[in-house]
1. Compute the Rg/Rh shape ratio of region 179-277: radius of gyration over Kirkwood radius, all on alpha-carbon atoms.
2. Mind listing the long-range amide H neighbours of LEU70? Cut-off is under 5 Å, sequence gap 5 or more, other chains count too, H placed in the peptide plane at 1.01 Å from N.
3. Please give the direction-averaged projected area of the C-alpha convex hull for region 117-179, in square nanometres with one decimal.
4. If the elastic network links every pair of Cα atoms under 10 Å, which of LYS241, LYS264, LYS91 fluctuates the most in the Gaussian network model of the chain?
5. Calculate for the chain the 222 nm mean residue ellipticity that helices alone would give, adding -39,500 (n - 2.57) per DSSP H run of length 4 or more and normalising by residue count, nearest 500 deg cm²/dmol.
6. For each of TYR304, TYR256, count neighbouring Cβ atoms within 10 Å of the residue's Cβ, then give the residues from fewest to most.
7. Select one label from (1) -0.31, -0.41, -0.53; (2) -0.49, -0.63, -0.79; (3) -0.35, -0.47, -0.59: the one whose number is log10 I(q)/I(0) by the Debye sum over Cα atoms at q = 0.07, 0.08, 0.09 Å⁻¹ as derived from the coordinates shown.
8. Express in nm, to one decimal, how much length is gained between ASN317 and ILE186 on full extension, taking 0.36 nm for each residue of separation and deducting their alpha carbon distance.
Amino acid sequence: MKVAAIIAEYNPLHNGHEFQIKRAKQLTGADYIIVVMSGDFTQRGVPAVIDKYSRTRMALNAGADVVIELPLYYSCSSAEYFASGAINLLKKLGCVDYLVFGSECGDIKILTDIADVLINRKDELSGYIHSMVKEGMSYPLARVRAVESAIPNSYIHVEAMNYPNNILGFEYIRALKQFECNITPITNQRIGSAYHDRMIDNPICSSLAIRSSLEETKELDRIRSQVPYHVFNILSEQYEKTFPVLNEDISSMLKYKLLLDEGKGYEEYVDISSDFSDKIIKNLNKYESYSQFCDLLKSKDITYARVARNLLHILLNIKKDSMKKFKDGGYIFYARLLGFRKADNDLLSAIKANATIPVISKLADARHQLDPIGTDMLEADIQAAHIYDTIIAEKFHAPATSEFSREIVIV
């Protein structure tokens, strides 16, 4: 049995994603595809446009065999920790042979070269990056300059580091090496629109273009050609019932949380420095909406994406001491099953037989399967799901749904 894995958000799943799932099987000869997917909040610092159960159904209908949730503390983190959490989870499943991911460069050697430099010259590069950031350079640019200084004739490597899928790609490879995973990384070149492209006209557009179209036009039919038919059916069924959840829908809740914590500051939350905490407090009286506040707080040395993640860390109570506890304790403590294909019992059996962490299918039983650290991580996932459900309930006047009453998606 050969098993390939994909790490994804599917926010929402579009034509390019379905192509990637099919292409992963072709490239690897895999019998099965496991998807590790973000839950209801994403790495960009925003809520997912549609809930994780609907996105799980999309993935299974598109050809995935099993979908497992990436815990909140990693799904809403920087590329480094997003990759580390997902790779550690895949390693602990004990049955994954390949990791397949899209990249702008499509060259595994270029991405491996960058990963090797980041590992082998970590201390040297960290000092360089720190000094550049202290002088006002953004962290992403400082890291590019550090790698440029470390690799002779590094034009192609520097160019590669300017694209988001490449960045995730070399972080995946770095994590595979650091965790000594016996998983082979394979990349295929991204096709269609670029990651940040908002144009909706390309047959394979970006998820951002789809979300932007929904936000700007409110016309669901406009994205029909950009997603597989089965995805459009799900979106149509849920339209104005539980979907779309847009960035601004967290505005009121976020302001409440910022006001609640104003007196003590925000340094306890992941990635937030004392200077950034002070900046939030100084500008809180100017808060109008989530996006407006992100724009207000971004600067030359702190990107919009990092600001958005930092604010989401505050909203969802993602704290430094918990992150340290999780990393020191072993990164991942369970594999929470979101869905599977009914015909794939062999894969589920292989996961359960080989996994070195509990495979959770019923939340009610989870506390009996986990140690205290694992329980804390899972409770953060559950709390985030309830916050997301609250957003849906308020926006669409829908009845609240407890995460404990949710059932695994089976197709």
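1. 1.13
2. MET37, SER38, GLY39
3. 4.3
4. Comparing LYS241, LYS264, LYS91 in a Gaussian network model of the chain, the most mobile one is LYS264.
5. Roughly -16000 deg cm²/dmol at 222 nm, from the helical runs in the chain.
6. TYR256, TYR304
7. Answer label, from the structure shown: (1).
8. Numbers: separation 131, 0.36 × 131 = 47.16 nm, distance 3.50 nm.
Here the segment from ASN317 to ILE186 would lengthen by 43.7 nm.
Every number in this text was worked out from the coordinates using simple rules, so none of it is lab data. All values derive from a computational prediction rather than experimental measurement. FYI the Cβ positions are ideal-geometry reconstructions off the backbone, even for glycines, and counts take in every protein chain you see.
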